[in-house]
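**Q** Can you keep this structure in mind? I'll have questions shortly.
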Amino acid sequence: MKKRYIQFDNPPKIISASSVVGRKENEGIFHGKYDIVDETDSFSQDTFEKSESEMQRLAVKKALEKADLTDGDIDALFAGDLTNQCVSSNYGLLNYDIPFFGLYGACSTAAEGIMLSSLMVGYGIFEKAIAVTSSHNCSAERQFRYPLEYGGQHTPTSQWTVTGSGAFVISKNGNGPSVVGCMPGKTIDRGITDINNMGAAMAPSAIDTLSCFFKETDTRPKDYDLIVTGDLGYEGHRIVKELMYENGYDMGTQYKDCGLMIYDRKKQDMHSGGSGCGCSAVVFAAHIYEELCNGKLGNVLFLGTGALMSPTSVQQGLSIPGIAHLIHIKGCDK
């Protein structure tokens, strides 16, 4: 079988990252580390979907400012979200004069966008690209579960959709962590039909990608400073640890999940943790990226995990496929 891991001869750089979040996210573990916070979750808009579009606009604006760039310096935008036809991305980025690629990878969209941007930059197609994604708790609840007015109760295995957006500028040159390689995920379906247990639906794809990566690179989990999925929550994280151990890989304490990192589960009632496109995006932008830049992290595996269902597929009783895209990142030289 052809190898899945793609290693760059000239690794592209992530030269800036930005994060935009709502109230609950700023009350969590990374309080004060986000670039932009709106305590109302509205971002001065009159619908949840417009709020999410505004988050993406702000995230890209802040990422460009941090890199001292304008939209004229960027060759392409890779963007996606959870709403039907990715309208939050489409409308939010309208005013940027940049070619646009719409993505749908569910919660894996941040990793997918960084991967595609890195491939295009790393192989000389583009000089600079931006990957951006978002989710909004209220727009996601309305689309995938119930209107907020319904007052539906969350099950213990359910996850709270993050209100947040993260943007990343990928460049051929510059200062920042290096994307040294990537591994596209395979769509895997193990028959999970419970929309309130996304972690169990996505865990098999994470196991497949991780196992394949370790085999192809002849490495072990202990060789990395951090291995982070985004976002399996408590249930999915537990499943990955247990099944990887049975496969001969002790994931150790360096294995974490963005869905468990973003909120304080002891103080905030978030059940199994966080989810949504914005979850791994803002954890990476506000925390992991900073630690890669300051030398606290040197060798990181970042896996975006997504549940590839739609409201229609769930209503028709179809099971939920999962996917996990892997990005291999090295920190800045000190």
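Nothing in this text is a laboratory measurement; each read-out follows from the coordinates by a stated rule. Since the model is a prediction, treat every value here as computed from it, not as a measurement. Positions of Cβ are backbone-derived with ideal geometry, glycine not excepted, and every protein chain shown enters the neighbour counts.
**Q** In debye, nearest 20: dipole of region 1-157 around its Cα centre with unit charges on the Cβ of K, R (+) and D, E (-)? Mind showing how you got there, number by number?
**A** Working: 15 positive and 22 negative charges, 135 e Å.
Charge dipole of region 1-157: 640 debye, to the nearest 20.
**Q** So, in Å, what gap is there between the alpha-carbon centers of region 98-144 and region 22-84?
**A** The distance from the Cα centre of region 98-144 to that of region 22-84 comes to 13 Å.
**Q** Could you sort 178-186, 76-84 so that the peptide with the highest average Cβ count within 10 Å comes first and the rest follow in order?
**A** Values: 178-186: 21.2, 76-84: 24.9.
Answer by packing, highest mean first, reads 76-84, 178-186.
**Q** In 10 Å bins starting at zero, report the fraction of Cα pairs in region 202-334 per bin as a rounded %.
**A** In whole percents, the pair-distance histogram is 12, 42, 34, 11, 1, 0.
**Q** Tell me, what is the percent relative contact order of the chain, built from C-alpha pairs under 8 Å that lie six or more residues apart?
**A** Details: 860 pairs, mean separation 83.5, N = 334.
Averaging sequence separation for qualifying contacts and normalising by length gives 25 percent for the chain.
**Q** Kirkwood hydrodynamic radius (Cα pairs, Å) of region 158-243? Please list the in-between numbers first.
**A** On the way: mean 1/r = 0.0657 Å⁻¹.
After inverting the mean inverse Cα-Cα distance, the result is 15.2 Å.
**Q** Taking the beta-carbon count within 10 Å as an exposure proxy, list ILE188, ILE74 from fewest neighbours to most. Intermediate values should be presented prior to the final figure.
**A** Working: ILE188 19, ILE74 24.
The most exposed by this proxy come first: ILE188, ILE74.
**Q** Can you tell me the order of 63-73, 128-138 when each peptide is scored by its average per-residue count of other Cβ atoms within 10 angstrom, highest first? Walk me through the numbers on the way to the answer.
**A** Working: 63-73: 15.6, 128-138: 29.6.
Answer by packing, highest mean first, reads 128-138, 63-73.
**Q** In the structure shown, do any of LYS2/LYS62; LYS50/LYS256; LYS267/LYS296 have a Cα-Cα gap over 29 Å, and if so which?
**A** Distance filter (> 29 Å) returns LYS2/LYS62; LYS50/LYS256.
**Q** Using C-alpha positions alone, give me the convex hull volume of region 266-334 per residue in cubic angstrom. Mind dumping the intermediate values first?
**A** Values: hull volume 7.9 nm³, N = 69.
Dividing the Cα hull volume of region 266-334 by its residues yields 115 Å³.
**Q** Based solely on C-alpha atoms, express the radius of gyration and the Dmax of region 12-171 in angstrom.
**A** Taking only Cα atoms of region 12-171, I get Rg and Dmax of 15.5, 50 Å.
**Q** Taking the mean number of other Cβ atoms within 10 Å as a proxy for protection, how do you rank 162-175, 18-31 from highest to lowest? Before the final figure, lay out the partial values.
**A** Working: 162-175: 26.5, 18-31: 22.3.
Descending mean neighbour count gives 162-175, 18-31.
**Q** Report, please, the projected area of the chain averaged over directions, based on the convex hull of its C-alpha atoms, in nm². Don't skip to the answer; put the middle values down first.
**A** Details: hull surface 63.8 nm².
Result: 16.0 nm².
**Q** May I pose another question? Below 15 Å, Cα to Cα, which aspartates and glutamates can LYS222 reach? Residues fewer than 8 away in the same chain don't count.
**A** LYS222 reaches ASP250.
**Q** Here's something else I'd like to know. Please arrange THR187, THR253, THR312, THR161 by how many other C-beta atoms lie within 10 Å of their C-beta, fewest to most.
**A** Result, fewest neighbours first: THR253, THR312, THR187, THR161.
**Q** Something else about it: Near ILE207, within a Cβ-to-Cβ distance under 13 Å, what is the net charge of the other residues, with Lys and Arg +1 and Asp and Glu -1? Each step should come with its number before you reach the end.
**A** Details: positive: LYS186, ARG190, LYS215, ARG238, LYS241; negative: ASP208, GLU242, GLU246.
With Lys, Arg at +1 and Asp, Glu at -1, the net is +2.
**Q** For the chain, what is the calculated [θ] at 222 nm in deg cm²/dmol (nearest 500), taking -39500 (n - 2.57) for each run of four or more DSSP H residues and dividing by its residue count? Don't jump to the answer; show the numbers that get you there.
**A** Numbers: 11 runs with 106 residues, N = 334.
Calculated at 222 nm, the ellipticity per residue is -9000 deg cm²/dmol.
**Q** Work from the charge dipole of the chain (Cβ charges, +1 for Lys and Arg, -1 for Asp and Glu, about the Cα centre) and give the residue of SER53, SER134, VAL283 farthest towards its positive end.
**A** Checking the options against the dipole of the chain, the answer is VAL283.
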